[in-house]
1. Test of the criteria: in the range A:131-182, which trypsin sites (Lys or Arg not before Pro) are in a DSSP loop and have at most 13 other Cβ atoms within 10 angstrom of their Cβ?
2. Each residue of the range A:231-240 in order: what ³J(HN,Hα) in whole Hz does its phi give by Karplus 6.51 cos²θ - 1.76 cosθ + 1.60, θ = phi - 60°, with x for Gly and Pro?
3. Is the C-alpha gyration tensor of the range A:321-407 telling us rounded, prolate or oblate? Criteria: a/c under 1.5 is rounded; beyond that, a/b larger than b/c is prolate, otherwise oblate.
4. With label points built 7 Å along Cα→Cβ from the Cα atoms of A:VAL205 and A:GLU119, find their separation and express it in nm.
5. Run the reach check for A:LYS96 against lysines, Cα to Cα strictly under 23 Å, same-chain hits fewer than 8 apart removed. What comes back?
6. Give the residue from A:THR316, A:THR190, A:GLY66 lying farthest towards the positive end of the charge dipole for chain A; charges sit on Cβ (+1 for Lys and Arg, -1 for Asp and Glu) and the dipole is referred to the Cα centre.
7. When the Karplus curve 6.51 cos²θ - 1.76 cosθ + 1.60 is applied with θ = phi - 60°, which whole-Hz ³J(HN,Hα) does each residue of the range A:207-216 get, with x for Gly and Pro?
8. Are there trypsin sites (Lys or Arg not before Pro) in the range A:322-409 that DSSP marks as loop and that have at most 14 other Cβ atoms within 10 Å, and which are they?
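Nothing in this text is a laboratory measurement; each read-out follows from the coordinates by a stated rule. Predicted model only: the values in this text are computed from it and were never measured. Cβ placement follows ideal geometry from the backbone for every residue including glycine, while neighbour counts extend to all protein chains displayed.
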Amino acid sequence: MQLSKLAFQVSKNPPANADTINHQLLVQAGYVRQLMAGVYTYTPLGLRVLRNIEKIIREEMNAVGGQEVLMPALHPKANWLATDGWNKIDVLFKLKSRTGKDYALGQSHEEIVTPLAKEVINSYKDLPLALYQIQWKYRDELRSKSGILRGREFLMKDMYSFHETQADFDRFYAEVKQAYLRIFQRLGLTAKATEASGGNFTEKVSYEFMVLTDAGEDDIFYCDACDYCVNQEIAKVKAGDACPKCGATLQAARASEVGNVFDLGQKFAKDFDVTFTKADGSRDYPIMGSYGIGVSRCMGVIVEKYHDEQGIIWPTSIAPAQAIILALNGAEAYAQEVYQALTKQGVSVLLDDRSESAGSKFAAADLLGVPVRLVVSARNGKQIEWKERTSTTNKLASLEEVCQWLKSS
RNA sequence: CGGAGAGUAGUUCAGAUGGCUAGAACGUACGCUUUGGGAGCGUAAGGUCGCAGGUUCGAGUCCUGUCUCUCCGACCA
């Protein structure tokens with residue numbers, strides 16, 4: 001990607017009306033554009049980040065046996081009447097066609113996936129089944145806020161599993177919980193599996209995956225010594241209390257929920273009359289689970305966690321590129337050469353070939369937050385200056401060395 | 001939905017007590033100069049001052065309504 005041809009460029013001015021870090025930096029760096037409160041466009045570079053996050057999630061979901069589908073976002077009223085969600089869920093967006101028919105926009109997909117799964121679940125031999133998708137969700141929030149952290153439209157990975165027995169569900173539930181922790185770790189986030197209420201979904205305890213950040217909206221109590229963590233909304237403890245698991249002192253913190261897992265029991269299977277034949281010939285309802293990850297919210301939380309005065313600092317795993325080449329004056333031709341060589345080697349690299357001053361290019365590279373900055377300058381001959389975004393020092397290297405380092409990173 | 005702040009050039013903003021052709025910086029176009037931390041000089045384009053009413057000889061400025069954004073709250077799978 002050559003910056004001179006890029007549709008959305010970095011801006012010298014931070015946007016007005018953006019108080020939250022992720023909102024401010026993502027807009028200023030040109031990763032997103034706001035259409036209205038809680039609704040954003042992802043630009044070519046922003047979309048790259050989103051896709052990189054998706055890729056990690058897909059790998060882990062596929063690894064636990066999830067099969068990807070893409071369900072509709074536009075739903076008929078009937079499915080939401082079946083669970084009474086049409087009346088009970090106040091964040092459900094409802095709309096009417098010009099012929100007077102009622103529709104809903106998907107805020108989650110239990111009402112769609114359950115009747116869908118009914119088609120393929122006949123026998124215990126068809127279980128377990130896990131379907132997932134990565135899709136836009138719509139929620140009629142009273143107030144959306146904090147940049148891309150709480151949108152009325154947001155990208156979510158939602159998986160739904162169906163099981164023959166509670167034991168099999170418990171096994172899968174634990175596997176997904178581990179997969180989630182791996183996903184967040186790969187995204188550069190330290191997520192705490194937090195006990196929380198099941199909301200409208202279930203009476204049982206659910207787990208929310210919380211990342212500590214002041215930009216979040218949840219208050220949690222957690223233990224530094226072990227993995228105990230509980231949402232304040234159901235907490236029977238408080239900060240300063242002894243951890244019920246290990247006895248250490250509990251801390252209070254603000255956090256953002258980046259994922260959750262729910263034990264749905266047989267509620268939805270019963271609502272949609274999904275049954276299967278067991279080995280003994282009797283019929284039963286499958287046990288269901290649902291598992292969400294806020295993909296776009298993750299992107300926002302990552303910016304909240306990884307930035308400095310100069311701009312964003314993307315974790316390498318999801319950065320829009322591995323490196324950015326700055327073509328300083330007198331070295332434009334060689335910079336092109338380096339860009340072509342690295343691209344040919346499969347390295348994802350940006351080239352700042354704009355007719356900007358050196359200072360402007362340095363500032364843009366910092367703001368964009370690409371992990372490695374490669375300065376190509378007449379002053380260094382064929383040597384390339386390597387500097388990591390997180391480092392204050394740099395070193396000179398040959399094109400071959402740079403290529404090796406990037407390919408192994 | 002309650003409370004607070006804000007809507008003026010592509011962007012960020014300035015425009016006391018109402019007063020003539022509404023300004024700046026950045027960005028953009030052209031020319032010259034310049035090239036290691038958001039360069040300099042010159043020229044130019046770019047605005048129904050969110051929208052709709054009203055008061056007034058005269059409204060970006062005052063009044064009413066309305067829309068939108070941000071923050072706090074309520075709310076939140």
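1. A:ARG143
2. Result, ordered by residue: 6, 4, 5, 10, 5, 9, 10, 9, 4, x Hz.
3. rounded
4. 3.8
5. Counting by Cα, and skipping residues close in sequence, A:LYS96 has these lysines nearby: A:LYS77, A:LYS88, A:LYS137.
6. Result: A:THR316.
7. Here the 3J(HN,Hα) series is 10, 10, 9, 10, 10, 5, 6, 5, 7, x Hz.
8. Answer by residue number: A:LYS382.
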